[in-house]
Each structure stands twice: as C-alpha cells, then as structure tokens.
Ligand SMILES: NC(=O)c1ccc[n+]([C@@H]2O[C@H](COP(=O)([O-])OP(=O)(O)OC[C@H]3O[C@@H](n4cnc5c(N)ncnc54)[C@H](O)[C@@H]3O)[C@@H](O)[C@H]2O)c1
C-alpha cells in the first residue's frame, strides 16, 4: 500500500489549519494555500498556539513545536501547494460549485496518482468531485471541529473510489493519530452528522417549548448522554440498558419526539437577530470580546483533557 508523506491543504480556516497541523505533527511535509492571504500569513501563529495548548495538556513536548512548524509551508498559489503532494484535501467553504471548480482545477496540477479528499460536511465526493477525470482517487475525509483535537475522521468513498485510495487514506489518518472510520455508503451527512442532527432537532424543540433553560439543557445532556457517550458508543450503552427495555422505550417515545424539518421559531429568531454564536459574540450564550480568547482556550482545555483519556485508553 502507498504510504503518503506529502500533504496539501487548501483552505486554512477553522478546519484547514487544524488539519494541516495534524499532518505536520505526524511528520508529513505539509503545503497549504488559502485564497485570503491573511489566513496563510497567520497559519504558523495559530498552529503555534494550538501546540502550546497541547503542551499545557501534557500531550506534546515543547521542544518539538519548531520542527512541526517547519514542516508547514504556506504557498502563494494553489498550483504550487498541490504540485508535489501525494494527498490533497480541500477545506474551503461549504459551496458545491466552489468545491467542484477546485477539484477540476487542481486535477491539472497534481500528480496522476495523488489522492484528492474533501472535508465537506454534507456533499458526497460523487457530487463535489463530479468533474474529476479520475474519480477513483477521490474520497471524503470528514473531520470534526477542532480537527487537531477531535479523534474521529469519517472516510467515505463513492462507488467509483478504488480500494487503494480508501486504504491509503485510512493508513495516513491512523498514522496521524486519528480514529479513521470507514463509512460504507455515501449517505447525505455521512454517519455522525445524521446522529447530530437528530439530537439537535430534539434539543432545539425542547428549548423552543421552554422545557428547560439553555444552561439546564446543556448540563442535563452533559451529565447523562454526554457522560456515557464519552465512555461507550451508543449501541453498547443500549446493550447495558437491556434491549428489551430499550425497544419498549423506543416504541413509547419515538412517536412523541420532534420530527419536523423547520428550525424552531425561537432558534430562528436568535439567528435572524444576527446572533450566530461564538463568532459574533452571542448565540445561545454571550461571549464578550474581552473574554473570547479565554472562552476558546477553556473549551480546548476541556477537549484536551478528554483527548488525554482517549489516548490513555488507546494505549491500554
Ligand atoms: N467548522 C466546522 O465545524 C466544520 C466541521 C466539519 C467540516 N467542515 C467543513 O470544512 C470546510 C471548511 O469549513 P471551515 O469551518 O474551516 O470554514 P472557514 O470559513 O473557517 O474556512 C474556509 C477557508 O477557505 C478559504 N477559501 C475559500 N475558498 C477557497 C478557495 N477556492 N481556495 C483556497 N481557499 C479558499 C477561506 O478564505 C477560508 O479561510 C467546509 O466544507 C465545512 O463544511 C466544517
């Protein structure tokens, strides 16, 4: 099997910078490109800060930071970034036409056997790669935010993707410390986002009905479902609950819970008022600019403590 060592990341925003960091931490030579030069110019600073957080969480050695940063090279053109890459992943905005055009363009510049990956949250590779001449080398690798911390990456081919592409992609991600999961069918939303949307629908409906406050909904789920899911997968939890009980609970409650496809009015009103969450300083909670950095760092520290447990578990 091909062992991939040279990686290109196109789009260095929320996802792209963390994806580039992950591959550089695994020893890959990484080239990056973003159409906004500020995103490229700030890449090393953002990754340095992430790595310092890793050091603080005792997940990385401080004396390795510089060598990781040296393996990241920002290019001034897309063609230069992809030219020598063996694995190219896009992490540009979620716009089907933009992704299709990008893949069509870069296919002229990449080597014939380079693997082309998309980090789309929704578009299967048969759509985003619809204009590729060689669709057998294309695959979705769906990471979760923050990508340098959250372990799972879903790997989803199209019916045209060949087995070598899937296997080399799984090997690269696993060598990079990721929990790479092969998904067998190209369903919209792949696997995890379908489950997340099911939970989101019910949580937003409960909030809309005023069943509990924002804080209490978060606390209740964190201390129950979240607690158990961080330790066991959902199907194993069901086994421990007893499938006779679980199937009865399902029959009783499934018809009672939300099944609509519209965003509930109270949530839509928050969005319509321009409150888009952390990035605008307000969503369900408030994030004043003077504490924004601290809030983000607290979030990462929480995730990193879970990652420490996750790594310890993988080793045992
Ligand atoms: N943010 C998330 O939680 C998340 C999770 C999983 C997957 N994704 C997916 O990852 C992709 C990127 O999302 P994000 O949150 O990082 O977005 P983002 O807006 O933070 O970053 C996108 C970056 O791509 C750059 N860009 C846009 N078009 C480009 C092009 N043609 N060439 C080069 N650079 C270009 C932008 O300048 C920007 O810096 C999307 O497809 C998104 O659906 C996002």
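The values are calculated or read from the model by the stated rules, or taken from the named source; none is laboratory data. The structure displayed is predicted, hence computed values, not measured ones. Virtual Cβ from ideal backbone geometry, glycine too; neighbours counted across all protein chains shown.
So here's what we get for this one:
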quantity: Single condition residue 242 does not satisfy, out of (1) in the same structural domain as residue 267 (by TED's automatic domain parsing); (2) exposed (fewer than 15 other Cβ atoms within 10 Å of the Cβ); (3) on the phi < 0 side of the Ramachandran plot; (4) without any contact (Cβ under 8 Å) to a residue 60 or more places away in the chain; calculated: (3)
quantity: Residues located in region 260-277, provided they are farther than 11 Å from residue 201 by Cα and out of contact with any helix residue (DSSP H, G or I) (no Cβ under 6 Å at 6 or more places or on another chain); calculated: 265, 268, 269, 270, 271, 272, 273, 274, 275, 276, 277
quantity: Residue check for residue 35: assigned to a loop (DSSP other than H, G, I, E, B), within 16 Å of the ligand (Cβ to nearest atom) and touching a helix residue (DSSP H, G or I) at 6+ places or on another chain (Cβ under 9 Å); calculated: yes
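Residues checked against (1) surrounded by fewer than 22 Cβ atoms within 10 Å (Cβ to Cβ); (2) in the same structural domain as residue 134 (by TED's automatic domain parsing); (3) over 26 Å from residue 166 (Cβ atoms):
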site	(1), (2), (3)
19	no, yes, no
24	no, yes, no
46	yes, yes, yes
49	yes, yes, yes
70	yes, yes, yes
83	yes, yes, no
95	yes, yes, no
